[in-house]
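See structure below.
The values are calculated or read from the model by the stated rules, or taken from the named source; none is laboratory data. Being a predicted model, the structure only gives us computed values, none of them experimental. Cβ coordinates were reconstructed from backbone atoms using ideal geometry, including for glycine residues, and neighbour counts include every protein chain displayed.
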Amino acid sequence: MTLLVVIIVLALIFDYINGFHDAANSIATVVSTKVLTPGQAVVWAAVFNCVAYFIFKDHAVANSISKTVFKDFITLPVIFSGLLAAIFWNLLTWWYGIPSSSSHTLIGAFAGAAIAHALMLKGFDYPWSNIVDSETIIKTILFIFLAPIIGMVISIFITIVTIMRNVWLRLGIIAVVTAATVFMFDNFESTKINENVQKFYSTDKYKKEIKTIKSELETKKGDTALLAKLKLNEEKLLKATASYEKVHPYLIQYDKLGADKISSIAKDSGWLDNIAVSKLKDAVRNANDYLIVEAKSTEDAKAKEEYSIAKVKTELYKSPLKAYLSKSITLDSTVAAINLIYPIAPKNLDKVKERIQKFNIQKSFSEEISKADNSAIVWGIIWAAVLFMLIYIYVEKVRTPTAYTISNMFKKLQLLSSAAFSIGHGGNDAQKVMGIIGAALIAHGSIQDFSNLPNWVPLACYLAIGIGTMSGGWKIVKTMGTKITKVTPLEGVAAETAGAFTLFFTGQMGIPVSTTHTITGSIIGVGATKRMSAVRWGVTVSLLWAWILTIPISAILAALVYLVTRLFV
């Protein structure tokens, strides 16, 4: 427990450092254009970092981070080592004014410590593909280049549209692009709802089990135990898929029905009955320290033996729990029956009773569906577009446009664009620390998976990054605000809006990208619209090298820290 607390504190310290390390991303343009003073800018950015807590409901990025390393190799010393290395690299790059990616530092360090742990445990010939999730790593590396390119393309587009002389054509383009964006985000929402519901029914878990068993059967052909296990998981997958297919037509109507209505229909129709017993079984055995035993089983022989027994016996909890859910037996009778199957530790008795009494499958299902709701982001995009259009009409059609009124308009708009980018920064970067804390809680056995993440974790992470942003990060402001290219208020609006959109877009896809890379690409884009020579490409190339080297250097540092840590922990 002590090490878990230390890890949580370190994670929040990293989040705080991330805030002031990346403060420049949110405030560099707004400070360099003199729209706000540095003091005002950091407070402005910090507030909107925290506002992200109320907007991002589905923590897809955090979930991706927590799954960077496979569960078998996630231990508290691994996470501890990764965090120490990430903090060191972040402080070093901040000291030298290098806008490296805190996100990639964290991912690289986490993966590096895990690889060192796995190789020490399994031998140096053990394949890395069995240690880290190659899909997450590949996506992350790919978006080192794609995120700034997306930001650059969008900022160029926004700048070109903004300087168009025909205001009506400009408004028409904004309307069309906004409609296309709303459609795209609506598609993200539908996809995510279906993914969440399938996960709720454990279809992904059964598919993974089946794939693993089939892989084992290739070397152990005809193994009766494996064949029986395969058949059981195939039956479970069939039932889960059937339940999902029944509820799917209602998921399509989410905007009309809402999560509570869909959940009510599913409950009344009996489509939650089978999964309810399974979920309650998990809740009961987890309250009886099952996860703690599982966490210890990877390195402790006695715990491994106990876990093997508990894993089989606690499956039999389903029978009395099914009777309880159908109101055939009382709570006391249920607990007594459970005790006969696999005993509940006296210290956990009240906790188990509480879990059973408070269990509500309908509410749980509703919450899982509503996590995917991105209406706050969509309406934010719509109202921002409407506001931009009204301001353009007022400045250029109602009033006589002058250089002063145009410049003043963009200074005010830059407040909105920097706020939007700060929301994207908070929503993207705070989630990465949430993913690490989630991984630590899973490794400790405090929670079963990321969907059980306690509410205090996101709140603490958003506050930590907000406070960190308020602390500044002035060394990097100069690089971001002036060294890459000189930025005007118009270009500041274009860069920040492009950066915000990129962060919202990748956040919906659950891809952990760098806010540093994103805003840098956006600033390069606005510089390139003037002329290619307006961008100081020498500085840009230096930044690119820092980006490329961050993941491998962080991984090597974390591996070294782990080798030292394992001598003491």
Lone unmet requirement of (1) in contact (Cβ under 8 Å) with a residue 12 or more places away in the chain; (2) within 20 Å of the chain's Cα centre (by Cα) for Ser134: (1)
Within the stretch 77-87, tally of residues that are within 24 Å of Asp300 (Cα to Cα) and crowded, with 24+ Cβ neighbours inside 10 Å: 4
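Please pick out the residue among Ile55, Ile74 that is under 30 Å from Ser370 (Cβ atoms), buried (at least 21 other Cβ atoms within 10 Å of the Cβ) and not acidic (Asp, Glu).
Values: Ile55 fails: buried (at least 21 other Cβ atoms within 10 Å of the Cβ).
After applying the criteria, what remains is Ile74.
State which residue is surrounded by the most Cβ atoms within 10 Å (Cβ to Cβ) when the search covers only the stretch 387-428 and only residues that are among the β-branched types (Val, Ile, Thr) and farther than 24 Å from Leu459 by Cα.
We begin by selecting, within the stretch 387-428, every residue among the β-branched types (Val, Ile, Thr); these are 391, 393, 395, 398, 400, 402, 405-406, 423.
Still in the running and farther than 24 Å from Leu459 by Cα: 391, 393, 395, 398, 400, 402, 405-406.
Working: Ile391: 15, Ile393: 14, Val395: 18, Val398: 9, Thr400: 8, Thr402: 10, Thr405: 14, Ile406: 14.
Applying the filter and picking the extreme gives Val395.
Just one of Ala439, Ala443, Ala464 is in a helix (DSSP H, G or I) and touching a strand residue (DSSP E or B) at 6+ places or on another chain (Cβ under 9 Å); which is it? Full working, then the answer.
On the way: Ala443 fails: touching a strand residue (DSSP E or B) at 6+ places or on another chain (Cβ under 9 Å); Ala464 fails: touching a strand residue (DSSP E or B) at 6+ places or on another chain (Cβ under 9 Å).
Within the list Ala439, Ala443, Ala464, the selection yields Ala439.
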Residue count, the stretch 155-201 (criterion: surrounded by fewer than 18 Cβ atoms within 10 Å (Cβ to Cβ) and basic (Lys, Arg)): 2
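Could you identify the single residue in Lys281, Lys304, Lys267 that is part of a helix (DSSP H, G or I) and more than 26 Å from Lys363 (Cα to Cα)?
Among Lys281, Lys304, Lys267, only Lys304 is part of a helix (DSSP H, G or I) and more than 26 Å from Lys363 (Cα to Cα).
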Members of the stretch 275-321 that are more than 13 Å from Asn339 (Cα to Cα) and of a type in the set (Ser, Thr, Tyr): Ser278, Tyr290, Ser297, Thr298, Tyr307, Ser308
Evaluation of Ser243 against (1) over 19 Å from Glu195 (Cβ atoms); (2) touching a residue at least 40 places away in the same chain (Cβ under 8 Å) (one fails), failing number: (1)
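Scan the stretch 45-86 for residues that are charged (D, E, K, R) and either without any contact (Cβ under 8 Å) to a residue 12 or more places away in the chain or assigned to a loop (DSSP other than H, G, I, E, B) (or both) and jot them down.
Going residue by residue through the stretch 45-86, those that are charged (D, E, K, R) are 57-58, 67, 71-72.
Across the stretch 45-86, the qualifying residues are Lys57, Asp58, Lys67.
Give the residue, chosen from Ala111, Ala116, that is part of a helix (DSSP H, G or I) and closer than 19 Å to Leu3 by Cβ.
The match here is Ala116.
Scan the stretch 202-215 for residues that are surrounded by 15 or more Cβ atoms within 10 Å (Cβ to Cβ) and free of Cβ contacts under 8 Å to residues at least 60 places away in the same chain and jot them down. Let's see the steps before the verdict.
Applying the first criterion (surrounded by 15 or more Cβ atoms within 10 Å (Cβ to Cβ)) to the stretch 202-215 yields 202-203, 205-207, 209-210, 213.
Within the stretch 202-215, Thr203, Lys205, Tyr206, Lys207, Glu209, Ile210, Ile213 qualify.
Test Ala323 against the criterion of being among the small types (Gly, Ala, Ser) and farther than 30 Å from Leu251 by Cα, and give yes or no.
no
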Subset of the stretch 489-529 [modelled with pLDDT under 75 and outside any helix (DSSP H, G or I)]: none
Residue match in the stretch 201-212 (condition: in contact with a Gly (Cβ under 9 Å, 6 or more places away or on another chain) and either in the same structural domain as Tyr250 (by TED's automatic domain parsing) or modelled with pLDDT of 85 or more (or both)): no
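Quick one: which residue in Ala336, Ala301 is at pLDDT below 90 and small (Gly, Ala, Ser)? Before the answer, list the steps.
Numbers: Ala336 fails: at pLDDT below 90.
None of the other options fit; the residue is Ala301.
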Cβ pairs under 7 Å, 6+ apart, first in the stretch 315-339 and on the phi > 0 side of the Ramachandran plot and in the same structural domain as Asn274 (by TED's automatic domain parsing), second among the aromatic types (Phe, Trp, Tyr) and crowded, with 16+ Cβ neighbours inside 10 Å: none
Residues of the stretch 126-184 satisfying the condition of being under 30 Å from Ile553 (Cβ atoms), in contact with a helix residue (DSSP H, G or I) (Cβ under 8 Å, 6 or more places away or on another chain) and in a loop (DSSP other than H, G, I, E, B): Tyr126, Ile131
